[in-house]
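Colleague: If you scroll down you'll find the structure; I have some questions about it.
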Amino acid sequence: MNARMSRRHFLVLSGGALTAAALAACAAPVAPAAGDGAAGGGAAAAESVTINVWGNTGPVWDAMYDVCTEQSGIGVNNSDAGDVVFGDQKYLTAAAAGTGPDAAWQNRHTFLQFSAKGLYQDITPRFEADGYNRDDFAPVQLAETSWEGKLYGIPWGTDVRYLYWNTPFYAAKWGSTRQPAHHVG
């Protein structure tokens with residue numbers, strides 16, 4: 001694997017992918033023991049790191065990232081992801097220019113499309129090295145963030161969709177309230 005990532009192949013994690021990055025970033029750096037640092041026995045200076053995240057914005061998210069920065073020393077530059085439902089134009093434009101985020105909250109419907117185009121990074125090795133267990137995630141959501149057996153994001157939540165119908169109307173029209181019609185015409 002190439003140790004230096006090109007500008008076009010930056011780390012983009014969705015919705016769930018940011019969870020892994022945030023959890024990993026919230027571990028405080030460990031200072032080397034006396035004598036393990038630079039010549040003369042002093043500790044080496046810690047490198048300042050800031051990651052660019054596109055996703056949810058607002059006071060709650062800013063407070064969460066502030067706590068992460070306080071605990072880890074890793075800064076988070078949070079920016080609105082733009083339209084993550086209908087086209088992701090901000091993301092696609094940035095990816096084409098090579099200026100996209102380090103991590104992003106993305107809707108799960110983008111993972112197959114963007115992973116197939118090489119716009120997301122395979123996080124399978126990181127997922128396994130960090131001790132995550134696939135059985136701890138809803139299989140459908142985990143499958144939606146995978147492409148050709150590789151994992152490109154970590155689901156952070158799920159949604160539920162229901163079909164409601166007016167049972168008295170349904171019973172009067174079709175004679176039963178137990179099963180919705182396959183075709184209503």
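Colleague: Within segment 139-160, which residues are under 15 Å from the mean Cα position of the chain (by Cα) and among the aliphatic types (A, V, I, L, M)?
Modeller: Across segment 139-160, the qualifying residues are L142, A143, L151, I154.
Colleague: With respect to A95, determine if the residue is crowded, with 18+ Cβ neighbours inside 10 Å and within 24 Å of E47 (Cα to Cα).
Modeller: no
Colleague: Residues in segment 29-36: is at least one of a type in the set (V, I, T), assigned to a loop (DSSP other than H, G, I, E, B), at pLDDT below 50 and open to solvent by 40 Å² or more (accessible area, probe 1.4 Å)?
Modeller: yes
Colleague: Report whether or not V49 is at pLDDT 90 or above, touching a Cys at 6+ places or on another chain (Cβ under 9 Å) and either within 22 Å of R108 (Cβ to Cβ) or not polar (S, T, N, Q) (or both).
Modeller: Taking the combined requirement at face value, the residue does not satisfy it.
Colleague: Here are some conditions: (1) at negative phi; (2) at pLDDT below 90. G118 meets all but one. Which one does it not meet?
Modeller: The single condition G118 does not satisfy is (1).
Colleague: With respect to the numbered conditions (1) under 18 Å from N107 (Cβ atoms); (2) touching a residue at least 24 places away in the same chain (Cβ under 8 Å); (3) surrounded by 13 or more Cβ atoms within 10 Å (Cβ to Cβ), which one is the sole condition not fulfilled by L142?
Modeller: (2)
The values are calculated or read from the model by the stated rules, or taken from the named source; none is laboratory data. All values reported here derive from a predicted model rather than from experimental measurement. When we count neighbours, we look across all protein chains shown, and the Cβ atoms used for this are built from the backbone with ideal geometry, even at glycine. These accessible areas exclude ligands, DNA and RNA; they are computed on the full protein's heavy atoms, side chains included. Shrake-Rupley method; radii C 1.70, N 1.55, O 1.52, S 1.80 Å.
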